[in-house]
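> Mind having a look at this structure? Questions to follow.
The values are calculated or read from the model by the stated rules, or taken from the named source; none is laboratory data. The shown structure was predicted, so the numbers you read here are calculated from the model rather than taken from an experiment. Positions of Cβ are backbone-derived with ideal geometry, glycine not excepted, and every protein chain shown enters the neighbour counts. The area values use the complete protein model at the heavy-atom level, side chains included, leaving out ligands, DNA and RNA. Shrake-Rupley method; radii C 1.70, N 1.55, O 1.52, S 1.80 Å.
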Amino acid sequence: SGQTTSMRLPFRVGHGYDLHQLQPGGKLMLAGICVSEEISPVAHSDGDVVLHAAVDALLGAVAAGDIGEHFPNTDPRWAGATSSVFLQHALKIVQEKGYRVGNADVLIIAERPKLKKHKPTMQRQLAALLEVEIDQVNIKAGTNEGCDAIGRGEAIAADVTVLLIAQ
Ligand code: MG
């Protein structure tokens with residue numbers, strides 16, 4: 001009928017995307033676990049693209065803005081920060097608004113390193129951070145078939161969709 005209502009939605013969906021440039025050396029963190037000690041993201045925090053995209057998905061689902069508004073990369077408090085801190089903050093906002101995570105679907109796009117062997121660990125770690133069971137999280141990994149900056153191994157990206165369920 002077009003009229004506004006204060007009724008809480010039973011479900012809310014959110015989407016997040018993040019990309020970081022890669023550099024030689026350091027640690028590559030994805031979904032809160034270290035997957036390489038040969039390359040690392042150029043980032044103010046630990047540059048975990050999965051967690052950054054997940055934060056944006058959570059914030060987006062509850063209309064709470066984006067990661068840059070909550071954690072400005074000019075703020076010295078977040079220099080070298082473990083991105084799980086950002087995720088915990090976003091999840092707290094979600095919970096305060098009366099929601100829990102239904103499921104999360106994650107796509108990581110990277111030419112290197114090979115991620116297949118890390119998928120179960122990433123899935124377990126992200127499920128723990130989101131406070132859900134393992135089968136409520138899916139990790140997909142793909143390449144960009146040699147095309148663009150990701151395809152040349154100069155960058156890594158992640159795309160996350162979450163469904164929230166009213167508590
Ligand atoms: Mg980021």
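> Which is over 17 Å from the mean Cα position of the chain (by Cα), among the hydrophobic types (A, V, I, L, M, F, W, C) and open to solvent by 30 Å² or more (accessible area, probe 1.4 Å), of A141, A149, A128?
On the way: A141 fails: over 17 Å from the mean Cα position of the chain (by Cα); A128 fails: over 17 Å from the mean Cα position of the chain (by Cα).
Criteria check complete, one pass: A149.
> Hey, another quick one. Given the criterion assigned to a helix (DSSP H, G or I), within 15 Å of the chain's Cα centre (by Cα), among the small types (G, A, S) and farther than 17 Å from T161 by Cα, identify the matching residue among G47, G68.
Details: G47 fails: assigned to a helix (DSSP H, G or I).
Of G47, G68, the one residue that is assigned to a helix (DSSP H, G or I), within 15 Å of the chain's Cα centre (by Cα), among the small types (G, A, S) and farther than 17 Å from T161 by Cα is G68.
> On to the next question. Of all residues in segment 80-110, how many are open to solvent by 60 Å² or more (accessible area, probe 1.4 Å) and within 14 Å of the ligand (Cβ to nearest atom)?
So the count comes out to 2.
> Separate question: Could you please let me know if G47 is within 12 Å of the ligand (Cβ to nearest atom) and closer than 22 Å to N138 by Cα? Break it down stepwise before answering.
Details: within 12 Å of the ligand (Cβ to nearest atom): yes; closer than 22 Å to N138 by Cα: yes.
Judged against the criteria, G47 is a match.
> Among the numbered criteria (1) of a type outside the set (D, E, K, R); (2) open to solvent by less than 80 Å² (accessible area, probe 1.4 Å); (3) out of contact with any Phe, Trp or Tyr (no Cβ under 8 Å at 6 or more places or on another chain), which single criterion is violated by H15?
(2)
> Identify, by number, the condition in (1) open to solvent by 10 Å² or more (accessible area, probe 1.4 Å); (2) under 24 Å from L59 (Cβ atoms) that P113 doesn't meet.
Here P113 clears every test but (2).
> Only one of these conditions is not met by P24: (1) free of Cβ contacts under 8 Å to residues at least 60 places away in the same chain; (2) more than 27 Å from D148 (Cβ to Cβ). Which number is it?
The one condition P24 does not meet is (2).
> Further, regarding this structure: Only residues that are open to solvent by 20 Å² or more (accessible area, probe 1.4 Å), within 14 Å of K119 (Cα to Cα) and of a type in the set (G, A, S): list them for segment 19-49, please.
Matches in segment 19-49: G32 only.
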